[in-house]
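Quick note: the coordinates plus some simple rules give every number you see, no bench work behind them. From a predicted model like this one, the values you see are computed outputs, not experimental measurements. Neighbour counts run over all protein chains shown; Cβ positions are idealised from the backbone, glycine included.
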Amino acid sequence: MSESRWSHVDAAAAAVRSEPDESTGLAAARGRPARGVLIAVEGGDGAGKSTQIARLTRWLDSRGRSCVVTREPGGTELGRAVRDLLLHGACVSPRAEALLFAADRAHHVETVIRPALEAGQDVITDRFMDSSIAYQGAGRELSADEVRELSMWATAGLLPDLTVLLDVPVQVGAARRSRRGGADRMESEVAEFHERVRTRFVELSRSAPERYLVVDGALSADSIGEIVAARLESTGWFEGTP
Ligand code: TMP
């Protein structure tokens, strides 16, 4: 995975993130984004994202922040149809799969995420572009650069301010999933696929550590919640309401 090809999109996205937002008039105090804060929660299947998203939402509520919780795929009406095709439909070729996840993301960013951020609301999204780079790039073995550039085009350069990666061994995730029953098309992939996905998530976090919090997803939900809260507290982004 070549990082150099990605640096121009990172620089463009950083510029987008730090521009003063005239519509909300928010000051970028202590590096606070000049709008609501975008947090992505990522991880393999069975990583415990839903539990931590519920905690994160309560944490933001307790700070008096207005927050939108959403997900990919399926954060919009269009996205719910795409989710059904992708997770519960028949075989989808790898490139078509990458394009459908990107289409879901483009519509989600344009109609849900960006409007909320610009209105000063924080957004927590259950998965974002790292899932495409991990699942389609590494899982399906497409080019990571191409999948990332496709996503950057879909989001018009929007990146999360913070990505919380819940990292669990593949067997732990699989055991949690099997307790839930009814594996979908991605969850039914072989262990090697999920190993590649896990490895890629961790590589992504190492390529830009300031934008990630990697937590051992095998810890108790309480411990993970405390680690996440401590990181959010340390950013200074949530001092005072927007
Ligand atoms: P989940 O929302 O229940 O976590 O399931 C979504 C599934 O879709 C999960 O297996 C990961 C997969 N996925 C991709 O393969 N690429 C993507 O870009 C996204 C957002 C999800």
- Message: I need the phi-derived Karplus couplings for segment 107-118: 6.51 cos²θ - 1.76 cosθ + 1.60, θ = phi - 60°, integer Hz, Gly and Pro marked x.
- Response: 5, 5, 5, 5, 9, 10, 6, 4, x, 5, 4, 5
- Query: Considering amide H positions built from the backbone, and no H for Pro or chain starts, which residues 5 or more places from residue 123, or on another chain, come under 5 Å of its amide H?
  - Reply: 37, 38, 39, 68
- Message: Neighbour counts of other C-beta atoms within 10 Å: give me 227, 39 arranged from fewest to most.
- Response: 227, 39
- Note on the structure: In whole Hz, the Karplus estimates of ³J(HN,Hα) for segment 83-100 (6.51, -1.76, 1.60; θ = phi - 60°; x where Gly or Pro) are 4, 4, 4, 6, 9, 10, x, 6, 3, 10, 5, x, 5, 5, 4, 4, 5, 5
- Please report, in debye to the nearest 20, how large the charge dipole of segment 157-203 is about its Cα centre when each Lys and Arg carries +1 at its beta carbon and each Asp and Glu carries -1 there. 240 debye
- Message: How would 129, 152, 186 line up from fewest to most surrounding beta-carbon atoms within 10 angstrom?
- Response: 186, 152, 129
- Task: Mind putting a number on the dipole of the chain about its Cα centre? Charges go on the C-beta only, +1 for Lys and Arg and -1 for Asp and Glu, and I need it in Debye to the nearest 20.
- Result: 420 debye
- Taking neighbour Cβ counts within 10 Å as the exposure measure, how do 212, 135 sort from fewest upward? 212, 135
- Task: Go through segment 67-76 residue by residue and turn each phi into a ³J(HN,Hα) via Karplus (6.51, -1.76, 1.60, θ = phi - 60°); whole Hz please, and just put x for glycine and proline.
- Result: 9, 10, 10, 8, 8, 10, x, x, x, 9
- Pairs of Cα atoms under 8 Å, at least six residues apart: use those to get the relative contact order of segment 88-241, whole percent. 26 percent
- Taking amide H positions as placed in the peptide plane 1.01 Å from N, state which residues far from residue 165 in sequence (5 or more) or on other chains have amide H under 5 Å from it. 42, 213, 214, 215
- Task: Please go through segment 119-186 and write out the GluC sites (Glu not before Pro) that DSSP classes as loop and that have at most 12 other C-beta atoms within 10 Å.
- Result: 141
